Structures are given as structure tokens and as C-alpha cells.
Amino acid sequence: MKGISGIIDKALSRPRALSADELEALLASDDEGDRRAVREAAYALKLAKCGRGVSLRGLIEMSNVCAKNCYYCGIRSGNRDVRRFKLSYEDIMRHAGIVMRSGYASLVLQGGEVESRENTEFVAKVLRGIQELSGGSIGVTLSLGEQTEEVYAEWRAAGARRYLLRIEESDPEMYRKLHPETGHSCERRKECLRALRRTGYQVGTGVMIGLPGQTFRHLASDIIFFGDMDADMIGMGPFIPHHAAPVGKGICLTPEYAGRQLELGLRMISAVRLYLHDVNIASTTALQALAPDGRERGILAGANVIMPNVTDTERRRDYLLYENKPGIDENADSSRKALEDSIHAIGEDLLYGRFGDSPHYAARTAAAAERNG
């Protein structure tokens, strides 16, 4: 196999150029010079494909009510200690107003997975309300889990622009270890991603990084899965255990563990950038949970999106997917100012007033339009 420099050169030549073995080599190298070369190449590619700047998504955690019982998650249905909440329509509109006043041109509505006609109609009402409030100047991303294709289409028609549905782990056997047998299906999750594509969304997916039992080969295969799904955006982060979740039980969030998880998360960002080139990649709050400058390091590793949390601080404590979630006591204004300072310090700008659509989505839809004449 080629050395790391040869793999980087091959990766830069075209998207999806690398084999699983080559991706694994990028992820597994412990040589600091190699790791630095990978990060620098990924960041240079980010600049070439996405430009100098960080796209923003104001994150609204609209509900922690969830029908799923995923073994890694702090708001899983089996956790009886969670104080459940669901924001009202008026509360969500108020949060959308905060997003607009902050200068963000995109927001994310995130919540637990619920499939019901009542929930479908509520989300559609919210989407229409946001479009009316903003005059169409806000791009909305949904992260509300598995739904039918008809529901996805209804929400798309009501104003949703993007949808993030993380696979969490694309290997079916690993997927089974993370979920109960009842109510969870790796194949259904993949079919939902295909349904999202058919209904016209910018489609996002992603995985947890550094799960117990997960190997570099699993992660390399996950990256190839992103390519096979022709994803437009990737949202992934290091696995951080929750005290009330079975997966990771007994793992202590020591400085050594945090350092390993952070490093692996950065390696994955760089490898995804080198493999897929022009997708949007989020630098997630899980990176910040492991180091105060984790999100900034994610940008320098090749990410180009950050999602500042605008949810009321009293609700953030009830939306803990993992331990040590950062920023639960910061209000939207103070966190925005801190983010501005830290992003400027690494030589990047915050892209206020821009939708920040995926360059891959733009290229893909343009190519489809040309094919269709």
C-alpha cells in the first residue's frame, strides 16, 4: 500500500478515490507527522471546495420525547429519570426569532423520534410558521428521525430544506448491538435515507466515533457508506457515554479517554473531507465536550458547519444525549460572542446571513437537471 503522502495525493485527485484499506490507514496512523499532513490536506480541500468561512445553524431542541430506546442515548424511552418536554408552537417561534436576530440564516429543529399524525401536523405547522415569520429567509434542517416517505414529503412541502438522519453505525451487526431488537432496523434507517433523497432534501447522515467494539475498519466502511448514499452533509461526533445508557457503562470520561476520542473524531472529519470533497461537515458539540477548543479544531481538520445552541438554558439540561454537554448555562448571545472570537482566532469567518447549502447538493442537482435536459 502507498504511504500516507501517496494516499493523500490519491484522495485529492478525485472524490471517492480511496479504498477501505487506504481510509483505514489514514485513520489508524499514529505518526504525528502523518496526522498533521492529513489534517492540513483536509483543511486545504475544505478551503478549495467550501471556502474560508463557517456556516451556521441555530439549534433548537424542540422535544426530548422519543419512542426509540437506543442503548447509547440519554433521552432513550427507557430512561425514566428524564424530565420530558415538548416546546409549544409559540416557544419554537420565539426561538426562531432568536435565530433571526442572531444573524443565522439557517436553523435546525432537533427532537426525539415520534411517529404520529399529531406530531406530523405539528411539525408542518411549525415549518409554515417559520417560513411566514422569516419571509423565506431561513433555511430549515430537520433532525426528527425515521418517518414514512409521505411524512418527509409533507414536511418538505411545508418548508424543510435539509434533513439529518444519522445511521450511527452502518454495519448491521454493530447496529444491532446499539439498539433493541424491537422497533429498530438498520435497513429501515437506510431506506429512510433513500426516501429523503427521493423527496428532494439535502440529505445528511453520520455515525458515532469510538464506540466500544468499533474498529478502524468499521469507520472506514462508514465513510464508504456515506459515499454510496451520495450524502450531501455529514454530522458525526465522538462517542461520549451517558450514565443512564447501557452502551459505554463503566467508561469514565478521564482526560486520557477524552483525548483519544477527540483525536479519533478529528481523524474522521479529515478522512471524510478527503473522501467526499464537497459535502458539508459539522464540527459538533461533542468535540467541544472533549476539549474547550474542540469545535475549532474540527474546522481546522476539514469541517465547515457549526450549530450554536439557541434553546433556553433551562431546557438544555433535559436534552442530554451524553455526559458533559457544553454550554448548558450559556445564553444565545454570550455563546455567539465566544464563538465569534474563537473562530476569528483560527483565521475563519462566520457566514452570517447565508443558507450555507451543501456544495455537493448544488453540484448533484445541477448535474441531474442537465441530464434531464
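The values are calculated or read from the model by the stated rules, or taken from the named source; none is laboratory data. Keep in mind that what you see is a predicted model, and the values were worked out from it rather than measured. Every residue, glycine as well, gets a Cβ built from its backbone with ideal geometry; the counts of neighbours run over all protein chains shown. Surface areas here come from the heavy atoms of the whole protein model, side chains and all, with no ligands, DNA or RNA. Shrake-Rupley method; radii C 1.70, N 1.55, O 1.52, S 1.80 Å.
Going by what's in this entry, would Asp34 be described as closer than 21 Å to Leu300 by Cα, more than 20 Å from the chain's Cα centre (by Cα) and outside any helix (DSSP H, G or I)?
On the way: closer than 21 Å to Leu300 by Cα: yes; more than 20 Å from the chain's Cα centre (by Cα): yes; outside any helix (DSSP H, G or I): no.
Answer is no for this residue.
Determine whether segment 123-130 contains at least one residue that is open to solvent by 60 Å² or more (accessible area, probe 1.4 Å), touching a Gly at 6+ places or on another chain (Cβ under 7 Å) and among the charged types (D, E, K, R). Give the steps one after another, and end with the answer.
Residues of segment 123-130 open to solvent by 60 Å² or more (accessible area, probe 1.4 Å): 125, 128.
Checking the rest, the ones that are also touching a Gly at 6+ places or on another chain (Cβ under 7 Å) come to 128.
Okay, now just the ones that are also among the charged types (D, E, K, R), so 128.
Within segment 123-130 (the criterion being open to solvent by 60 Å² or more (accessible area, probe 1.4 Å), touching a Gly at 6+ places or on another chain (Cβ under 7 Å) and among the charged types (D, E, K, R)), the answer is yes, since at least one residue qualifies.
Identify, please: which residue in segment 178-197 is of a type in the set (Asp, Glu) and assigned to a helix (DSSP H, G or I) and is, among those, nearest to Val247 (Cα to Cα)? Full working, then the answer.
Keep residues of segment 178-197 that are of a type in the set (Asp, Glu), which gives 181, 187, 191.
Cutting the leftovers down to assigned to a helix (DSSP H, G or I) gives us 187, 191.
On the way: Glu187: 21, Glu191: 25 Å.
That would be Glu187.
So is Leu59 in contact with a strand residue (DSSP E or B) (Cβ under 7 Å, 6 or more places away or on another chain) and among the aliphatic types (A, V, I, L, M) or not? Reasoning before the result, please.
On the way: in contact with a strand residue (DSSP E or B) (Cβ under 7 Å, 6 or more places away or on another chain): yes; among the aliphatic types (A, V, I, L, M): yes.
Considered against the rule, which asks whether it is in contact with a strand residue (DSSP E or B) (Cβ under 7 Å, 6 or more places away or on another chain) and among the aliphatic types (A, V, I, L, M), Leu59 comes out as yes.
This table checks each residue for (1) hydrophobic (A, V, I, L, M, F, W, C); (2) at pLDDT below 95.
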residue	(1), (2)
Glu173	no, no
Leu178	yes, no
Arg194	no, no
Pro212	no, no
Gly227	no, no
His242	no, yes
Ala245	yes, yes
Lys249	no, yes
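Under the condition of being outside any helix (DSSP H, G or I) and of a type in the set (Asp, Glu), which residue from segment 1-31 is surrounded by the most Cβ atoms within 10 Å (Cβ to Cβ)?
Here is the first cut: in segment 1-31, the residues outside any helix (DSSP H, G or I) are 1-3, 14-19, 29-31.
Next, from what is left, pick out any that are of a type in the set (Asp, Glu): 30-31.
Values: Asp30: 7, Asp31: 10.
Ranking the qualifying residues of segment 1-31, first place goes to Asp31.
Which of (1) in contact with a helix residue (DSSP H, G or I) (Cβ under 8 Å, 6 or more places away or on another chain); (2) of a type in the set (D, E, K, R); (3) modelled with pLDDT of 95 or more; (4) open to solvent by 10 Å² or more (accessible area, probe 1.4 Å) is the odd one out, the single condition Asp329 does not satisfy?
(3)
Identify, from the list Glu168, Glu115, Glu132, the residue that is charged (D, E, K, R), more than 22 Å from the chain's Cα centre (by Cα) and at pLDDT 95 or above.
On the way: Glu168 fails: more than 22 Å from the chain's Cα centre (by Cα); Glu115 fails: more than 22 Å from the chain's Cα centre (by Cα).
Going through Glu168, Glu115, Glu132 in turn, the sole match is Glu132.
From the list Thr311, Thr365, exactly one residue is polar (S, T, N, Q), open to solvent by less than 50 Å² (accessible area, probe 1.4 Å) and more than 30 Å from Ser5 (Cα to Cα). Which is it?
Working: Thr365 fails: open to solvent by less than 50 Å² (accessible area, probe 1.4 Å).
Matching residue, one of Thr311, Thr365: Thr311.
Collect the residues in segment 268-308 that are surrounded by fewer than 24 Cβ atoms within 10 Å (Cβ to Cβ) and charged (D, E, K, R), keeping them in residue-number order.
Asp278, Asp293, Glu296, Arg297
Which residues, taken from segment 206-225, are in contact with a Leu (Cβ under 6 Å, 6 or more places away or on another chain) and open to solvent by less than 40 Å² (accessible area, probe 1.4 Å)? Before you say what the answer is, go through the steps one by one.
Keep residues of segment 206-225 that are in contact with a Leu (Cβ under 6 Å, 6 or more places away or on another chain), which gives 209-210, 216, 219-220, 223.
Within segment 206-225, Ile209, Gly210, Leu219, Ala220, Ile223 meet the criteria.
Assess whether Arg188 counts as being under 20 Å from the mean Cα position of the chain (by Cα), of a type in the set (Lys, Arg) and farther than 24 Å from Tyr319 by Cα.
Yes: the conditions hold for Arg188.
So which residues in segment 251-273 are over 15 Å from the mean Cα position of the chain (by Cα), free of Cβ contacts under 8 Å to residues at least 60 places away in the same chain and closer than 12 Å to Ile240 by Cα, if there are any at all?
Across segment 251-273, the qualifying residues are Ile251, Cys252, Thr254, Tyr257, Ala258, Gly259, Arg260, Gln261, Leu262.
Here are some conditions: (1) of a type in the set (Phe, Trp, Tyr); (2) in contact with a Lys or Arg (Cβ under 7 Å, 6 or more places away or on another chain); (3) under 29 Å from Val247 (Cα atoms). Tyr89 meets all but one. Which one does it not meet?
In the conditions (1) of a type in the set (Phe, Trp, Tyr); (2) in contact with a Lys or Arg (Cβ under 7 Å, 6 or more places away or on another chain); (3) under 29 Å from Val247 (Cα atoms), Tyr89 misses (3) alone.
Within the bounds of segment 55-69, is there any residue that is touching a Pro at 6+ places or on another chain (Cβ under 8 Å), of a type in the set (A, V, I, L, M), within 30 Å of Ile138 (Cα to Cα) and open to solvent by 10 Å² or more (accessible area, probe 1.4 Å)?
Checked segment 55-69: at least one residue is touching a Pro at 6+ places or on another chain (Cβ under 8 Å), of a type in the set (A, V, I, L, M), within 30 Å of Ile138 (Cα to Cα) and open to solvent by 10 Å² or more (accessible area, probe 1.4 Å).
Step by step: first the residues of segment 165-177, then only those that are touching a helix residue (DSSP H, G or I) at 6+ places or on another chain (Cβ under 7 Å) and part of a helix (DSSP H, G or I), then the one that is most open to solvent (accessible area, probe 1.4 Å). Which residue is that?
Initially, segment 165-177 is screened for residues touching a helix residue (DSSP H, G or I) at 6+ places or on another chain (Cβ under 7 Å), giving 165, 167-172, 174-175.
Add one more test, that the residue is part of a helix (DSSP H, G or I), and what stays is 172, 174-175.
Details: Pro172: 61, Met174: 9, Tyr175: 7 Å².
Within segment 165-177, the match that is most open to solvent (accessible area, probe 1.4 Å) is Pro172.
Which of the following residues is more than 29 Å from Ser185 (Cβ to Cβ) and either crowded, with 20+ Cβ neighbours inside 10 Å or without any contact (Cβ under 8 Å) to a residue 40 or more places away in the chain (or both): Arg101, Arg117, Arg76, Arg162?
Values: Arg117 fails: more than 29 Å from Ser185 (Cβ to Cβ); Arg76 fails: more than 29 Å from Ser185 (Cβ to Cβ); Arg162 fails: more than 29 Å from Ser185 (Cβ to Cβ).
None of the others qualify; the one that does is Arg101.
When you look at Arg94, is it at pLDDT 95 or above and open to solvent by 60 Å² or more (accessible area, probe 1.4 Å), yes or no? Talk me through it step by step, then tell me what you get.
Values: at pLDDT 95 or above: yes; open to solvent by 60 Å² or more (accessible area, probe 1.4 Å): yes.
Yes; evaluated as a whole, the condition is true for this residue.
Within the set of pairs 6 or more residues apart or between chains, which connect a residue that is part of a helix (DSSP H, G or I) inside segment 343-372 to a residue that is among the acidic types (Asp, Glu) and open to solvent by 60 Å² or more (accessible area, probe 1.4 Å) with Cβ atoms less than 8 Å apart?
Matching pairs, first to second residue: Ile343/Asp349.
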